[in-house]
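S.K.: Here's a structure for you.
The values are calculated or read from the model by the stated rules, or taken from the named source; none is laboratory data. The structure displayed is predicted, hence computed values, not measured ones. A quick note on method: Cβ atoms are made from the backbone with ideal geometry, for glycine too, and the neighbour counts reach across all protein chains shown.
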């Protein structure tokens, strides 16, 4: 990524349950990760938590919100040069550099306006900020979108994708393209997005490429379309 100019976020595996043990384990491992990877120019952000894993129930337990917020300051004290996302795609606190959302079209709805996104988000994921915190103008990035499963060549059990499995390459391509068009129509207030995912991960066959990195449709077709968007 450093050589090719690909921008990435530094993340880590999360705990399943909230406990003192899980807090200390994540803190120790993530601090070591930041120290190890600090000098990689491709890393533009650190994200210690994802979708509330390890802090589920933060809307009911203040301790979990305090922990989420403390991770921001801890990492910022080690690396003040990069953006920090406290809990990617889930509950944000007042200490956060990017407002992130996760969008899977079969389970929630893409807001039409910034006001709808911040004030009245509907869907399967919680509202954007833990009470009493509120949006303060941070850039908005949909850091997980898509998840369309295309049953290509993967020989795995329990193949899975949001909304069932697509059976043909054209249908898969059009589904992905239509989603990108939705984000292009909202480019005035959405600053970025990340498709889930680049390549298949075992039973998650929602990649643009297979597990062995074989494209599921000609990449140039998508590039030609994307070159006309987001500008």
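S.K.: Looking at region 17-32, can you tell me whether even one residue there is assigned to a helix (DSSP H, G or I) and closer than 27 Å to residue 192 by Cα?
M.R.: Yes, region 17-32 contains a residue that is assigned to a helix (DSSP H, G or I) and closer than 27 Å to residue 192 by Cα.
S.K.: State yes or no: is residue 152 surrounded by 12 or more Cβ atoms within 10 Å (Cβ to Cβ), at positive phi and touching a residue at least 12 places away in the same chain (Cβ under 8 Å)?
M.R.: Answer is no for this residue.
S.K.: Next up: Out of all the residues in region 10-43, which are farther than 19 Å from residue 81 by Cβ and touching a strand residue (DSSP E or B) at 6+ places or on another chain (Cβ under 8 Å)?
M.R.: 14, the sole residue that qualifies.
S.K.: Sticking with this structure for a sec: Just checking, how many residues over region 2-36 are surrounded by fewer than 18 Cβ atoms within 10 Å (Cβ to Cβ) and either on the phi > 0 side of the Ramachandran plot or over 20 Å from the mean Cα position of the chain (by Cα) (or both)?
M.R.: Summing the residues that are surrounded by fewer than 18 Cβ atoms within 10 Å (Cβ to Cβ) and either on the phi > 0 side of the Ramachandran plot or over 20 Å from the mean Cα position of the chain (by Cα) (or both) in region 2-36 gives 18.
S.K.: Could you grab me the full set of residues in region 51-87 that are under 16 Å from residue 134 (Cα atoms) and touching a strand residue (DSSP E or B) at 6+ places or on another chain (Cβ under 8 Å)?
M.R.: Hits for region 51-87 are 85, 86, 87.
S.K.: Moving on to the next point. Name the residue, out of 180, 211, that is surrounded by 15 or more Cβ atoms within 10 Å (Cβ to Cβ) and not in a loop (DSSP other than H, G, I, E, B).
M.R.: 180
S.K.: Here's another thing I want to ask about it. Return the residues of region 197-208 that are farther than 14 Å from residue 157 by Cβ, in a loop (DSSP other than H, G, I, E, B) and touching a residue at least 12 places away in the same chain (Cβ under 8 Å); say none if nothing qualifies.
M.R.: Listed by number, the residues that qualify are 197, 206, 208.
S.K.: Would you mind stating whether residue 78 is surrounded by fewer than 18 Cβ atoms within 10 Å (Cβ to Cβ), in contact with a helix residue (DSSP H, G or I) (Cβ under 7 Å, 6 or more places away or on another chain) and at pLDDT 90 or above?
M.R.: yes
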